[in-house]
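Take a look at the structure set out below.
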Amino acid sequence: MQASAISASSSATQALEFLAFKLGQEEYGIDIQKVQELRGYDTVTRIANAPAHIKGVINLRGIIVPIIDMRIKFNLDAPNYDEFTVVIMLNMSNRVMGMVVDGVSDVITLSPEQIRPAPEMGAALDTEYLIGLGTLDQRMLILVDIARLMSSADMGLVERLAA
């Protein structure tokens, strides 16, 4: 545990890498270290009584993996699955899960100066799961704290992380 605490504190002054992906017209970013692999969208096995954003499960090399559609989770337009739809396979707390997005663009390196706090939006938008807004040239990424989002009570996919 001590080694991770040291690396976490020293990384605060270093650049951070985010996987950039699209949901509708917006571009988002998540910590690249949480990404295990990228896959094309394939058929999932539905689970009875699962929330709408949990599309179902797939068998990934012998591991049953829940698949979450982020467009449904974030109340965006109705999902449209096409050849550009990507499943980002995440590995958090030794748990693998997939999140469906409209497409993945690239890996972006941001310095701490390029990350702005998320604006307070009141009750209109829950910013609890946002790290902030990343800016790079003319691009703006909504940086999502994917570990916090996936461990939230309504997701329940990862044990709640120690505060």
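The values are calculated or read from the model by the stated rules, or taken from the named source; none is laboratory data. Note that this is a predicted model, so its numbers are computed, not measured. Here the Cβ is made from the backbone with ideal geometry for all residues, glycine too, and neighbour counts use every protein chain on show.
So the values come out like this:
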quantity: Number of positions in the range 133-163 that are under 17 Å from LYS34 (Cα atoms), in contact with a Pro (Cβ under 9 Å, 6 or more places away or on another chain) and modelled with pLDDT of 90 or more; calculated: 0
quantity: Test: residue in the range 107-122 that is within 13 Å of the chain's Cα centre (by Cα) and either more than 19 Å from ALA20 (Cβ to Cβ) or charged (D, E, K, R) (or both); calculated: no
quantity: Top-ranked residue in the range 75-99 [being of a type outside the set (A, V, I, L, M, F, W, C) and part of a strand (DSSP E or B); ranked as surrounded by the fewest Cβ atoms within 10 Å (Cβ to Cβ)]; calculated: ASN91
quantity: Meets criteria (farther than 14 Å from LEU143 by Cβ and surrounded by fewer than 12 Cβ atoms within 10 Å (Cβ to Cβ)) for ASP102; calculated: no
quantity: Exclusive hit being among the basic types (Lys, Arg) and modelled with pLDDT under 90, set LYS73, LYS34; calculated: LYS73
quantity: Residue tally, condition surrounded by fewer than 19 Cβ atoms within 10 Å (Cβ to Cβ) and closer than 13 Å to ILE88 by Cα, over the range 59-74; calculated: 1
quantity: Residues satisfying the stated conditions in the range 21-47, i.e. over 14 Å from MET99 (Cβ atoms) and in a strand (DSSP E or B); calculated: GLU26, GLU27, THR45
quantity: Matching residues in the range 48-74 - criterion: being in a strand (DSSP E or B) and of a type in the set (D, E, K, R); calculated: LYS55, ASP69
quantity: Residue in the range 109-132 that is modelled with pLDDT of 90 or more and in contact with a Ser or Thr (Cβ under 6 Å, 6 or more places away or on another chain) present; calculated: yes
quantity: Where a residue in the range 25-39 is under 13 Å from LEU143 (Cβ atoms) and its partner, wherever it lies, is charged (D, E, K, R), with Cβ under 7 Å and at least six apart; calculated: GLU27/ARG139; ILE32/GLU17
